[in-house]
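Heads up: the structure comes next, in structure tokens.
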Amino acid sequence: MFSLRSKLAFFSVPLIFAILLASCVPSSHSSNGTYPIDVTFADFYREIGGQQVLGPAISPLFVKDGVSYQYVVSALLAYNPNQDPLNRYRLSPAAASAWQINGQAEPAPDENRDYYVNGHLIWEELRTFYDQFGSNILGLPLTGVIINENKQRYEQYFDSLGFYRNFTDPVGQVHLMPYGAWLCGNNCQYRTADGTLPSASYRCEYSATEQLFLQVSERLGHRFTGAPLAAPSLGSDGNFQMVFENVLMYIDAQDGNQIKLRPLPSWLGIRSEPPVPPDHGKGSSFYETFEGLGYNVPDLFNEYINQHGTLSVIGGPITEYSSFNDGGYSQCFTNACLEYHPTAPEELQVRPHMLGYDYLAFSHQASTPVANTSNALQINAWEEHPLIPSGGIQVIHIQATQNNLPMQGINISLIVKKPDGITITYTLDPTEGDGNTSIALDPIDGPNGAIVQYQVCVIGSVSPQVCFSRSYTIWDQ
């Protein structure tokens, strides 16, 4: 019988791996799409944590090219009888090949070098589990701990398993991503509430212009700029620019081709606040702008700014700092907005807000060809406010065109998912003679940085129904 005990300690860690599952593995295929674990994998599955950790089996055992497989919610179990005994059982690697996850390598840390693997630092909340099973079971880390604003959580991808903690979860309450359910897809009847597949990492074009931007990103720190989102392109002023998760860089042709940051906050509608008198309390320093007035900058932000290129890079403050419900706070500067969250993973407690996504959503209206009608039919959607205060009125605009001509009478519905998970469905008036229609959404409350997702669906004219998704950010100035 297979045993991990010969090389690994038995699974017993203080982490809380929370997956909402049935209380026991069924003895046969059940109506919710679960199966019993095949005897081939029984010991291997049990000693990694069994159903409590990996979830139930969601397929029967199957064999391909002499290798036995079985899907469980969080992984794909594999058994290769032709390998040596210690390597016959594994969790099949998937994230790099199936979803093209390949995060930017991080510099080696001064401390915790034992947890620096494949260019990434193991998230501190996973280290006990990693010590228990290592890369032989988890696969190599493909990212460090990162932020998923759409799903409101922290994540780290390994090739064979993925981990996350919701923003609202206590520190240490780590969950497994449903790798197995994602991989099996429609071939399995089991359905998970987390059905959105991971987005592929940016793939380098290796152009000279791109390399210039990437070198600056490395110098400033990948945690500051965030990962690249799109290849370099020409901005409206004729300068090359490149969008990253947190900032927008450009090459200033009028100033010796220096690479600088665009003023994204003001471009996205974040207005400068009137300057205030200095706050002489501890924990902040004063940045004077005019005749004794200015902005108080928390010491944590000052320290972060000095580590990532000084104030000349991020620009002077344009707002006073404001508090979050979690005990943190935020503040906007000329070229970026910073946040502090005390319960975040250590390397993400102070971080820029991911304005790059908002910029892309604002500058490139979604354009989706509607299949089965005509290749020329386009549905464009955009928000009136890419950033909007909690409780504000958001307006969604829709435009339908065909062969560059407006389309009248196209029926559209919206499914809006609020930050608390509640969904609301709206039916818009049919598009008018100019191809346009719009709707004002009910006020939506949420914390700073919360993502509101919505799905645009064409109804009545195509079958099956065609939909695409967009989102915008709640941001209290």
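Please treat every number below as a calculation from the coordinates, not as lab data. Note that the structure is a prediction, hence the values are computed from the model and not measured. Glycine gets a Cβ as well: all are built from the backbone with ideal geometry, and neighbour counts include every protein chain shown.
Using the Cα atoms of the chain, I'd like the radius of gyration and the largest Cα-Cα distance, Dmax, both in angstrom.
Just the Cα atoms of the chain yield Rg and Dmax of 24.7, 78 Å.
With equal scatterers on the alpha carbons only and no solvent term, can you work out the Debye log10 of I(q)/I(0) for the range 228-357 at 0.11, 0.13 1/Å?
After summing over all Cα pairs, the log10 values are -0.42, -0.58.
Sort the following peptides by mean Cβ neighbour count (other Cβ atoms within 10 Å, averaged over residues), highest first: 48-56, 401-409.
In descending order of packing, they fall as 48-56, 401-409.
So what's the angle, to the nearest 10 degrees on a 0 to 90 scale, between helix 208-220 and the longest Cα principal axis of the chain?
90 degrees
Only Cα pairs under 8 Å and at least 6 apart count here; give the relative contact order of the chain as a rounded whole percent.
In percent, rounded to a whole number, it is 9.
Quick one: putting +1 on the C-beta of Lys and Arg, -1 on the C-beta of Asp and Glu, what dipole do you get for the chain around its Cα centre, in Debye to the nearest 20?
Value, rounded to 20: 1520 debye.
Among G446, A57, A230, which residue has its Cα furthest toward the positive end of the charge dipole of the chain, with +1 on Lys/Arg Cβ and -1 on Asp/Glu Cβ?
A57
Along the charge dipole of the chain, which of Y79, P317, G162 sits closest to the positive end, that is, farthest toward it, with unit charges on the beta carbon of Lys, Arg, Asp and Glu (+1, +1, -1, -1)?
Y79
Any idea how far the Cα center of the range 292-332 sits from the one of the range 209-239, in Å?
Answer, in whole Å: 23.
Could you work out the helix-only [θ] at 222 nm for the chain, with each DSSP H run of four or more residues adding -39,500 (n - 2.57) and the total divided by the number of residues, to the nearest 500 deg cm²/dmol?
For the chain, the value works out to -4000 deg cm²/dmol.
What order do you get for 245-255, 330-340, 193-203 when each peptide is scored by the mean count of other beta carbon atoms within 10 Å, highest first?
Going by the mean number of other Cβ atoms within 10 Å, highest first, we get 330-340, 245-255, 193-203.
Enter the Cα centre distance for the pair the range 102-118 and the range 44-77, rounded to the nearest angstrom.
The two parts, judged by their Cα centres, are 30 Å apart.
Explain nothing, just the number: dipole magnitude of the range 54-155 about its Cα centre with +1 on each Lys and Arg Cβ and -1 on each Asp and Glu Cβ, in debye rounded to the nearest 20.
It comes to approximately 500 debye.
Is the shape of the range 407-463 best called rounded, prolate or oblate, per the rule: a/c under 1.5 gives rounded, else a/b larger than b/c gives prolate, else oblate, with a ≥ b ≥ c the square roots of the Cα gyration tensor eigenvalues?
Prolate.
From the Cα gyration tensor of the range 87-166, with a ≥ b ≥ c the square roots of its eigenvalues, which class applies: rounded if a/c is under 1.5, or else prolate if a/b is larger than b/c, or else oblate?
rounded
Have a look at Y89, L183, W475 and report the one farthest towards the positive end of the charge dipole of the chain, computed about the Cα centre with Cβ charges (Lys/Arg +1, Asp/Glu -1).
Y89
Ordered by packing density, taken as the mean number of other Cβ atoms within 10 Å over each peptide's residues, highest first, how do 139-146, 183-190 rank?
In descending order of packing, they fall as 139-146, 183-190.
Would you pull out the residues with amide H under 5 Å of E245's amide H, same chain only if 5 or more places away, H placed 1.01 Å from N?
Hits under the 5 Å cutoff: A227, L229.
For K64, list the lysines whose Cα falls under 29 Å from its own Cα; do not include residues on the same chain fewer than 8 positions away.
Reachable lysines: K7.
Straight distance only, please: which lysines reach the Cα of K151 with their own Cα at less than 27 Å, same-chain residues fewer than 8 apart left out?
Excluding near neighbours in sequence, the set is K417, K418.
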